[in-house]
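The values are calculated or read from the model by the stated rules, or taken from the named source; none is laboratory data. A quick note: this is a predicted structure, and the numbers were derived from the prediction, not measured. Cβ placement follows ideal geometry from the backbone for every residue including glycine, while neighbour counts extend to all protein chains displayed.
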Amino acid sequence: MPKVLIIDDEKSIRRSLREIMEFEKFTVDEAEDGQSGFTKLTSDTYDLVLCDVKMPKLDGLELLQKLSKEEIDVPLIMMSGHGNIETAVEAVKKGAYDFLTKPVDLNRLLVTLRNAMDRQHLVSETKTLKKKISKGSDIIGDSKAIGEVKSLIEKVAPTDARVLITGPNGSGKELVAKQLHDKSNRAKFSFIEVNCAAIPSELIESELFGHEKGSFTSAVATRKGKFELAEGGTLFLDEIGDMSLSAQAKVLRALQENKITRVGGDKSISVNVRVVAATNKNLQQEIEKGNFREDLYHRLSVIPIHVPSLADRKEDIPLLAEHFLNMICTEQGNSVKSITPEGLKALQQLPWTGNIREFRNVMERLTILCDKTITDKDVKKYTSFGN
């Protein structure tokens, strides 16, 4: 049951609110002033707080400030028998969820309580999802090769330098790009990804730069492109080697001038975006073939970072196996499985042409098909019919 704390110096009001809360299936705790309420909030966990404004020792507004300073995040509904607009505005500014005037209207109170509970549930879910995303973005390994990548990320991330990430398919280039964003001063803004290989050449310019209404047959409304959507943040151009030459020219202009023009438009739009690009191709060879602009290459590769293949860092396989076993078992709601030393050696003997992507798929297969302990026989059995 949800747990609520009632903070009020009037015993009769606390008793009345308790009766209402308990009827609504809340677990109720009480405090007779702001100071004792603060003590309870620092020693216990509550889903909601109902708090009076005028109280001895510590009033409601002072309590809000202390909760904010201690980073105690709980929906607090302020109440006052002398309510006015100024007090209500000040309470909300300092972090109160809502402000109710005494005597409290029962229907208004119950609606506010339910809304506050819903909001807290959404906040909690968001935090959990962010933790999952952050955990899934970790670069796992302590080999020399991956250590060099991590070191470069730490040095480069706080800057606005453009980065060109190279490496084979499935090696983790996107993870490097996300780490560069997450550790940068732009982390509070958007990370926008564009897979240049997945978008037809005739649509890539509209995708990147947006378009004006009527600029082509299906353009029924004005649409922002990825450059504008990434404003203040990071634009990740994955598989940049597959971008058409005409789109390359426009990207070059955007990098040179920090301005873009929508398809079908003539107005220049200023953009503040950090561009990180990635490719599995040898761009020097693509330049020689006439498939990639040399001037764009030099604009993008201010800092080159090469992500090694899994075959070049097989000493990281034990750590990777543990990481994926824990993650996959948690996602599936199963108890965590283990793998024998012989099983790890069997994994290290495989070629891993699909790199980390293939490795993750194999670990998921082993997690589903094997018993609690994964052996070398399991590895050989479930990797012999193709990955």
- [ ] Take Ile240 and decide whether it is more than 26 Å from Thr353 (Cβ to Cβ) and buried (at least 20 other Cβ atoms within 10 Å of the Cβ).
- [x] no
Task: Residue match in the range 343-355 (condition: within 30 Å of Val276 (Cα to Cα), outside any loop (DSSP other than H, G, I, E, B) and modelled with pLDDT of 95 or more) - done: yes
TODO: Starting from the range 88-109, take each residue that is at positive phi and list its partners that are assigned to a helix (DSSP H, G or I) and buried (at least 16 other Cβ atoms within 10 Å of the Cβ), counting only C-beta distances under 9 angstrom and pairs at least six apart or across chains.
DONE: Gly95/Leu64; Gly95/Leu67
Open item on the list: Here is a check on your reading of the model: is Lys314 in a helix (DSSP H, G or I), out of contact with any Pro (no Cβ under 8 Å at 6 or more places or on another chain) and of a type outside the set (A, V, I, L, M)?
Closed with: yes
Open item on the list: Given the criterion buried (at least 20 other Cβ atoms within 10 Å of the Cβ), without any contact (Cβ under 8 Å) to a residue 60 or more places away in the chain and within 30 Å of Lys259 (Cβ to Cβ), identify the matching residue among Phe359, Phe292.
Closed with: Phe292
- [ ] Residue by residue through the range 251-271, note down the ones that are buried (at least 19 other Cβ atoms within 10 Å of the Cβ) and either in contact with a Leu (Cβ under 7 Å, 6 or more places away or on another chain) or not aliphatic (A, V, I, L, M) (or both).
- [x] Val251, Arg262
TODO: Name every residue in the range 280-301 that is basic (Lys, Arg) and in a helix (DSSP H, G or I), in order of residue number.
DONE: Arg299
Task: Identity of the residue in the range 51-91, hydroxyl-bearing (Ser, Thr, Tyr) and in contact with a strand residue (DSSP E or B) (Cβ under 9 Å, 6 or more places away or on another chain), that ends up farthest from Leu41 (Cα to Cα) - done: Thr87
TODO: Could you identify the single residue in Arg253, Arg223, Arg186 that is modelled with pLDDT of 95 or more and assigned by TED's automatic domain parsing to the domain that holds Glu174?
DONE: Arg186
Task: Only listed residue being closer than 19 Å to Ala161 by Cα and either among the small types (Gly, Ala, Ser) or over 24 Å from the mean Cα position of the chain (by Cα) (or both), chosen from Ala249, Ala198, Ala254 - done: Ala254
Task: Subset of the range 317-342 that is among the β-branched types (Val, Ile, Thr) and assigned to a loop (DSSP other than H, G, I, E, B) - its residue that is farthest from Asp378 (Cα to Cα) - done: Val336
